[in-house]
Amino acid sequence: MSHLPNRIYLVGFMGSGKSTVARLLAEKIGYGWVDLDDEIEAIEGEPVSRIFESRGEQYFRALESAALLATEGVDRTVVSCGGGIVLDGANRVAFPNLGTVVYLEVTAEEALARIGDVTTRPILAGAAGRIAVESILDARRGLYRIVSDFVIDTSGLAPAEVVESIVAALAAHKEG
Ligand code: S3P
């Protein structure tokens, strides 16, 4: 699959399946796989929820931007980004130079169902419920679309099916 971009970034809301899909996609196309939240947790030695608690969101966002920019040094890799990666304008500007960006679109209802335990997601702490998720998603939807080269509607799709859709979209793009 020589037509593939060197780096493929998955963006989208919490619960859109980015981490699972990134791993499966990487396995399928023989690429490496990086999850920015995992990178940050490895550097800091604690879970993202603890980093939010002890250092605050701004501190986390700085680490997130640094982790994103560091991916410039990896080849043939699928990168799974945290749901808030698009909030920082500098990250949005960086994306076109980093690689091809795929937005995994999900409804608020499906996102909530997939997230399950919202306490693992500090952004949702104290804001559980579909209405809250909907309003955060509404505020971000345009940003996900602006940064992405492709939008994949993941409604009702299993992760393996999402992978197939991504591969098909990348192949069609190359041919088109
Ligand atoms: C966040 C999403 C999380 C994580 C952090 C903030 C967000 O990643 O980076 O809790 O602001 O949407 P996932 O999208 O992988 O859950």
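Could we say that Ser16 is part of a loop (DSSP other than H, G, I, E, B) and of a type in the set (Gly, Ala, Ser) here? When the stated conditions are applied, Ser16 passes them. Restricting Ile85, Ile51, Ile131 to those that are more than 14 Å from the chain's Cα centre (by Cα) and within 12 Å of the ligand (Cβ to nearest atom) reduces the list to Ile51.
Name the residues in region 90-106 that are away from the ligand (no atom under 15 Å from the Cβ) and assigned to a helix (DSSP H, G or I), would you? Before you say what the answer is, go through the steps one by one.
So the first thing to find is which residues in region 90-106 are away from the ligand (no atom under 15 Å from the Cβ), and the list is 90, 93-100.
Correct list: Ala90, Val93, Ala94, Phe95, Pro96, Asn97, Leu98.
Residues considered: Asp37, Asp88. Of these, the only one that is acidic (Asp, Glu), in contact (Cβ under 8 Å) with a residue 12 or more places away in the chain and within 19 Å of Val118 (Cβ to Cβ) is Asp37.
Scanning region 147-176 for residues that are assigned to a loop (DSSP other than H, G, I, E, B) and over 16 Å from Ala113 (Cβ atoms) yields Ser148, Asp149, Gly176.
Note on region 143-169: residues that are away from the ligand (no atom under 15 Å from the Cβ) and out of contact with any strand residue (DSSP E or B) (no Cβ under 7 Å at 6 or more places or on another chain) amount to 11.
Here is a check on your reading of the model: is Ala42 small (Gly, Ala, Ser) and either touching a strand residue (DSSP E or B) at 6+ places or on another chain (Cβ under 8 Å) or closer than 25 Å to Ile136 by Cα (or both)? Give the steps one after another, and end with the answer.
Values: small (Gly, Ala, Ser): yes; either touching a strand residue (DSSP E or B) at 6+ places or on another chain (Cβ under 8 Å) or closer than 25 Å to Ile136 by Cα (or both): no.
No, not satisfied.
On the stretch given as region 1-46, residues that are out of contact with any helix residue (DSSP H, G or I) (no Cβ under 9 Å at 6 or more places or on another chain), closer than 16 Å to Val163 by Cα and of a type in the set (A, V, I, L, M) total 2.
Could you list, in sequence order, all residues of region 113-127 that are in contact (Cβ under 8 Å) with a residue 12 or more places away in the chain and away from the ligand (no atom under 12 Å from the Cβ)? The answer is Ala113, and nothing else. In summary, Asn97 fulfils each of the numbered conditions (1) polar (S, T, N, Q); (2) surrounded by 15 or more Cβ atoms within 10 Å (Cβ to Cβ); (3) out of contact with any Phe, Trp or Tyr (no Cβ under 8 Å at 6 or more places or on another chain) with the single exception of condition (2).
Give the residue, chosen from Glu72, Glu109, Glu64, that is modelled with pLDDT under 95 and part of a helix (DSSP H, G or I). Can you show your working first?
Values: Glu72 fails: modelled with pLDDT under 95; Glu64 fails: modelled with pLDDT under 95.
Exactly one residue qualifies, and that residue is Glu109.
Filter region 1-34 for residues that are crowded, with 20+ Cβ neighbours inside 10 Å and of a type in the set (D, E, K, R); which is nearest to the ligand (Cβ to nearest atom)? The qualifying residue nearest to the ligand (Cβ to nearest atom) is Lys18. Taking the criterion of being in contact (Cβ under 8 Å) with a residue 24 or more places away in the chain and of a type outside the set (Ser, Thr, Tyr), the residues of region 98-112 that qualify are Leu98, Gly99, Val101, Val102, Leu104, Glu105, Val106, Ala108, Glu110, Ala111, Leu112.
The values are calculated or read from the model by the stated rules, or taken from the named source; none is laboratory data. Remember, it's a predicted structure, so these values are computed and weren't measured experimentally. When we count neighbours, we look across all protein chains shown, and the Cβ atoms used for this are built from the backbone with ideal geometry, even at glycine.
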